[in-house]
Amino acid sequence: MRKKIVLFLALCLCNLMLVQAQNSEPALRIDIPIDSIRLSDPFILADKNSSTYYMTGTGGKLWKSKDLRKWTGPYTVAQTDPNAWMGPNPMIWAAEIHHYNGKYYYFATFTNKAVRVGNNLERRASHILVSDKPDGPYVPMSDPIYLPADKLTLDATLWTDTDGKPYMIYCHEWLQNDNGTIEKIELKPDFSGTVGEGKILFLASDSPWSREKEKDGKDRPNKVTDGPWLFRTKTGKLGMLWTSWIYDVYTQGVAYSQSGTLDGPWIQEKEPVNGPNFGHGMLFRTFDGKLLMSIHSHKSINNRTVRIPHLFEVDDSGDKITVGKAFK
């Protein structure tokens, strides 16, 4: 009996230590090169107000830098409501920070593994938090949801269209519709909720470059839509980066709007915009005006997926962007 009691107490202690480890803040790391950081979906805000670059992404942590070469972090910045649909400890994917009308907005994908929708899928949705400062804390606004509760959405970003209205651009999860989409929905002026219903901009199957195998061995376009990012070239052309797969290779393509607005039609480029095993990119300008792409590499090392942020120079002087050399 005494042995069983000792074993029980030891098990309780292990569980307590595990919970404490999960809830504890990670140790702050200082002056870390960007290629030494493990981070997927890297987003960088060049904040002129603080003369600081802020990098976030999947995991919901934040990194800070003055020169894009040495980074300090990770900081915890998202403060979700434990009583909301996302629960007390949601997974956070693909976080972005946007400065708009004097506020900072945290666009992210939140997943509550304890709640199931549809065909027993984890509830996942795009949502927005707000702060007065770029490094948070980011807290909820008034509306509990931005899109239907039974619709799985992810990878939200912001775009203000030619009508002057702000829109959330997001993906409808391919696991639910079997042909992922990229959609738009109008935001309220303060981003506290949405207006109307979502509208499909294009489907995963519109891609001429993505591929996967059918059960009979034939090729078909991949089902995945991932990581939309809107931009305008210097000639005024509206484009969108987005990511899918070529078989088992993570790949990023680009589409351009024929009308110059979100409504398209969106014409897909025939070839990917950058090399294989890179995806979920976004564009930003450095404080000295250089256009860069922040993107993560995607590799399997010892049966473990490793994602590392990278920076590449981008030329947007024509109607279409070209990705250049690595930024150093």
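The values are calculated or read from the model by the stated rules, or taken from the named source; none is laboratory data. Everything numeric in this text was worked out from a predicted model, so none of it was measured. Don't worry about glycine lacking a Cβ; one is built from the backbone with ideal geometry, like all the others, and counts go over all protein chains shown. With ligands, DNA and RNA removed, areas are computed over all heavy atoms of the protein, side chains included. Shrake-Rupley method; radii C 1.70, N 1.55, O 1.52, S 1.80 Å.
With both labels modelled 7 Å from their Cα along Cα-to-Cβ, the GLU269 to ILE246 distance reads 1.3 nm. Taking the 1.4 Å solvent-accessible surface of the range 202-282 as the whole, the part contributed by carbon and sulfur is 51%. Structural size metrics of the range 185-256, computed from C-alpha coordinates, are Rg and Dmax of 15.6, 50 Å.
What do you get for Rg/Rh of the range 229-298 when both radii come from the Cα atoms and Rh is the Kirkwood radius?
Taking Rh as the inverse mean 1/r over Cα pairs, Rg/Rh reads 1.00.
Counting only alpha carbon atoms, the long axis of helix 2-23 and the longest principal axis of the chain meet at about 30°. In the range 83-207, the convex hull through the Cα atoms has an average projected area of 8.0 nm², a quarter of its surface area. Expressed as a fraction of 2.2 N^0.38 Å, the C-alpha radius of gyration for the range 141-263 is 1.12. Shown in residue order for the range 166-173 are the 3J(HN,Hα) couplings computed by the Karplus curve 6.51 cos²θ - 1.76 cosθ + 1.60 at θ = phi - 60°: x, 10, 8, 9, 8, 9, 8, 4 Hz (x for Gly and Pro). Extension gain, ALA114-ASP31: 0.36 nm per intervening residue step, less the Cα-Cα distance, totals 26.1 nm. Candidate cross-link partners of LYS64 among the aspartates and glutamates, defined by an alpha-carbon separation under 12 Å and a same-chain spacing of 8 or more, comprise ASP31, ASP47, ASP135. Nonpolar atom fraction for the range 83-172, defined as the carbon and sulfur part of the 1.4 Å probe accessible area, stands at 51 percent. Inter-label distance, ASN302 to LYS70: 3.0 nm, where each label sits 7 Å from its Cα along the C-beta direction. When the Cα gyration tensor is reduced to axis lengths a ≥ b ≥ c, the ratio a/c is 1.5 or higher for the range 269-314, and with a/b not above b/c it is classed as oblate.
Rolling a 1.4 Å sphere over the protein heavy atoms, what is the accessible area per residue of the chain, to the nearest Å²?
Numbers: 16140 Å² over 328 residues.
On a per-residue basis, 49 Å².
For the range 96-200, lysine pairs with C-alpha atoms less than 12 angstrom apart, excluding pairs fewer than eight positions apart on the same chain, total 4. Here the label points at GLN176 and VAL195, each 7 Å from Cα along the C-beta direction, are separated by 2.4 nm in the simple model.
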